[in-house]
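Structure first, commentary second.
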Amino acid sequence: GEEKIQKDIILSDHEDAVNALLKELLEQGVINSLDEIKTVGHRIVHGGNLYSSSVIMNDRVIHEIENISDLAPLHNPANLIGVRAFQKAIPTSIQVGCFDTAFHQTLKEEDYLYPVPYEWYIKYHIRKYGFHGLSHKFITEKMTDILGKIPNLIICHIGNGASISAVKQGKCIDTSMGFTPNAGIMMGTRSGDIDSSIIPYIMNKCDMTVDEVMNDLNKKSGFLGISGVGSDFRDIYAGVVSGNERCKLAFDKYVKTVVNYIAQYYVELGGCDILCFTAGLGENASEARLAIMEKLACLGVKVDLEKNQIRGEEVKLTTDDSSIICYSIPTNEE
Ligand code: AMP
């Protein structure tokens, strides 16, 4: 029903979490027996270039995902612990893998290749993969339902992690995340795109290891890095309102990087019908949406100021005479 149940429990690993979840489902009467659960969907972060849609996870698939685990060392092994835990707890259930990379498998070679030695791609699979695919796919389908036709679409999935995608006739043609989820626009704590030469330079200057620098780029950069205040947009915006210069700098830099990607994708798409905001900021941060859309006035975007105040709901953000129709749509990655 509507009631939320929240508990603090100590869990030693993901298998523990799966078992605790199943125990609760039984104790709360959501299910009477475990075999009522026929299928379990698993969000798997990285499907490499092996999977362009969801797949039933048999032994071969699990083995293939294990083999590409070094592409997502923090996520894929944990995802597989979940798969195995459900297999063990409910042997009759079917496990389905849904990949965050799958929606972006339609990118062309010229879009996913980096201009590095070609052998890196052939031998080590260095290429753009893209992430948040489950969200970008959901938004594409949702916008198609709303409009009754397949739009040319730019999707800004802007939350703590953030990625922007260009979708032409339902197929992703470009996306801002890359080989890893620390590419593209700046995020809550991630830097997004930077000049790669900064890494060895800082290693030398600060006597840091590559892991330490990567940790800073993933966990101490973005909003947090520039503002020094926090990674949450609400804290950044409170700083902007109270006159904190570094919060203002973080806000302005953020808006600029988002707008730059939109401009790039507008051209790549040959013009777009729809711009859709989603995820934490996209669904709620009216202030960020307004600043982004105002910068798109040169493309003919006209904001409906009253509608843009609405947070957390499906809403059209632009006036009827806007050249690009902007929406905010709550995403659904489940
Ligand atoms: P997500 O990763 O999609 O959960 O997004 C998290 C981000 O959304 C946080 O950093 C917040 O800055 C932002 N956010 C969530 N709720 C609001 C809100 N009501 N107003 C502004 N920003 C919000």
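Where a number appears in this text, it was derived from the coordinates with a stated rule and is not lab data. Keep in mind the model is a prediction, meaning the values are calculated, not measured. Note that we place each Cβ from the backbone using ideal geometry, even for glycine, and neighbour counts take in every protein chain shown.
May I ask for the distance between the Cα centers of region 18-82 and region 294-334, given as a whole number of Å?
One Cα centre to the other: 35 Å.
Quick check on my link table: of K171/K256; K168/K256; K142/K253; K149/K171, which ones sit more than 20 Å apart, alpha carbon to alpha carbon?
Correct reply: K171/K256; K168/K256; K142/K253.
Given a Förster distance of 22 angstrom, what is the FRET efficiency for K38 paired with E141, based on the Cβ-Cβ distance and rounded to 0.05?
Working from the Cβ atoms, E equals 0.40.
Please compute the contact order of the chain in relative form: average sequence separation of alpha-carbon pairs under 8 Å and at least six residues apart, divided by the residue count, as a percent. All intermediate terms of the calculation are to be shown ahead of the outcome.
Values: 591 pairs, mean separation 41.9, N = 334.
It comes to 13 percent, rounded to a whole number.
Using a/c under 1.5 as the rounded threshold, could you call region 210-306 rounded, prolate or oblate? The axes a ≥ b ≥ c are square roots of the C-alpha gyration tensor eigenvalues, and prolate needs a/b larger than b/c, oblate otherwise.
oblate
Cα gyration tensor of the chain, axes a ≥ b ≥ c as square roots of the eigenvalues: rounded (a/c below 1.5), prolate (a/b > b/c) or oblate?
Since a/c stays below 1.5, the shape of the chain is classed as rounded.
What's the angle, to the nearest 10 degrees (0 to 90), between helix 286-295's Cα axis and the longest principal axis of the chain?
Its long axis makes an angle of about 50 degrees.
Put +1 on the Cβ of each Lys and Arg and -1 on the Cβ of each Asp and Glu in the chain; which of W120, N218, S323 then has its Cα farthest toward the positive end of the dipole?
Result: S323.
Sort 177-184, 301-308 for me by packing, meaning the mean count of neighbouring Cβ atoms within 10 Å per residue, highest on top.
Details: 177-184: 21.2, 301-308: 16.2.
Ranking the peptides 177-184, 301-308 by packing returns 177-184, 301-308.
How large is the convex hull of the Cα atoms of region 108-251 per residue, expressed in Å³ as a whole number? Walk me through the numbers on the way to the answer.
Working: hull volume 19.0 nm³, N = 144.
Output value, Cα hull per residue: 132 Å³.
Starting from the Cα of K205, step 7 Å toward the Cβ, then list every residue of region 155-199 with an amide N under 13 Å from that point.
195, 197-199
Skipping prolines and chain starts, which residues have an amide H placed within reach, meaning under 5 Å, of the one on M187, given they are 5 or more residues away or on another chain?
Distant-sequence amide H within range of M187: G192, G222, F223.
Work out the length of the dipole vector of region 58-158 about its Cα centre, built from +1 on the beta-carbon of each Lys and Arg and -1 on the beta-carbon of each Asp and Glu, and round it to the nearest 20 debye.
220
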